[in-house]
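Enquirer: Okay, handing you the structure first.
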């Protein structure tokens, strides 16, 4: 589903992460995350972390999106990501998974997990 990919990519953007209205629209109130570090975060800690981020000249590259319907209003979004620094160095290769739920008015991310993976070619 294109809307889920668009929303996922929006959450990678500093401007979105700094906009509390957008974060509230995109993240479900019961949101949980297991980061690539293995640490678990809840909604409040993720929102606080996003709000305290400093701008960066690097960016998150993502590719190979696959969407799997779990239920009519529940979708699993899978993809790969990597961090690209302002100098072009590539690292933090990860496989990502997000569970998105339709609340009746919009799609919200309810769960996200990042798992380190071997390097891959960026396309």
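The values are calculated or read from the model by the stated rules, or taken from the named source; none is laboratory data. What you see is a predicted model; the values in this text were computed from it and never measured. Cβ sites come from the backbone with ideal geometry, for glycine too, and all protein chains shown count toward neighbours.
Enquirer: Please state which of the following conditions residue 59 fails to meet, knowing it meets all the rest: (1) within 16 Å of the chain's Cα centre (by Cα); (2) over 22 Å from residue 13 (Cβ atoms); (3) modelled with pLDDT of 95 or more.
Expert: (2)
Enquirer: Here's another thing I want to ask about it. Mind telling me which of the residues 83, 100 ends up being in a strand (DSSP E or B), surrounded by 17 or more Cβ atoms within 10 Å (Cβ to Cβ) and in contact with a strand residue (DSSP E or B) (Cβ under 8 Å, 6 or more places away or on another chain)?
Expert: After applying the criteria, what remains is 100.
Enquirer: Restricting the search to the stretch 1-11, which residues are farther than 18 Å from residue 102 by Cβ and crowded, with 16+ Cβ neighbours inside 10 Å?
Expert: Of everything in the stretch 1-11, nothing turns out to be farther than 18 Å from residue 102 by Cβ and crowded, with 16+ Cβ neighbours inside 10 Å.
Enquirer: Sticking with this one: For the stretch 24-36, which positions are in contact (Cβ under 8 Å) with a residue 60 or more places away in the chain and either loosely packed, with under 13 Cβ neighbours inside 10 Å or more than 15 Å from residue 109 (Cα to Cα) (or both)?
Expert: 30, 36
Enquirer: Another question about this same structure. Name the single residue, out of those in the stretch 12-23 being over 13 Å from the mean Cα position of the chain (by Cα) and surrounded by 13 or more Cβ atoms within 10 Å (Cβ to Cβ), that is nearest to residue 50 (Cα to Cα).
Expert: Across the stretch 12-23, the extreme among qualifying residues is 18.
Enquirer: Can you find a residue in the stretch 37-56 that is surrounded by 15 or more Cβ atoms within 10 Å (Cβ to Cβ) and touching a residue at least 40 places away in the same chain (Cβ under 8 Å)?
Expert: No, the conditions are met nowhere in the stretch 37-56.
Enquirer: Hey, any hits in the stretch 48-64 for a residue that's farther than 17 Å from residue 16 by Cβ, in contact with a strand residue (DSSP E or B) (Cβ under 9 Å, 6 or more places away or on another chain) and part of a strand (DSSP E or B)?
Expert: Scanning the stretch 48-64 turns up at least one residue that is farther than 17 Å from residue 16 by Cβ, in contact with a strand residue (DSSP E or B) (Cβ under 9 Å, 6 or more places away or on another chain) and part of a strand (DSSP E or B).
Enquirer: Please determine whether any residue of the stretch 40-47 is farther than 17 Å from residue 5 by Cβ and in a loop (DSSP other than H, G, I, E, B).
Expert: no
Enquirer: Then there is this: Taking the stated definitions as given, is residue 77 in contact (Cβ under 8 Å) with a residue 60 or more places away in the chain, assigned to a helix (DSSP H, G or I), touching a helix residue (DSSP H, G or I) at 6+ places or on another chain (Cβ under 7 Å) and under 16 Å from residue 112 (Cα atoms)?
Expert: no
Enquirer: Moving on to the next point. Picking from 95, 105, which residue would you name as being free of Cβ contacts under 8 Å to residues at least 40 places away in the same chain, surrounded by fewer than 18 Cβ atoms within 10 Å (Cβ to Cβ) and not in a loop (DSSP other than H, G, I, E, B)?
Expert: The conditions single out 95.
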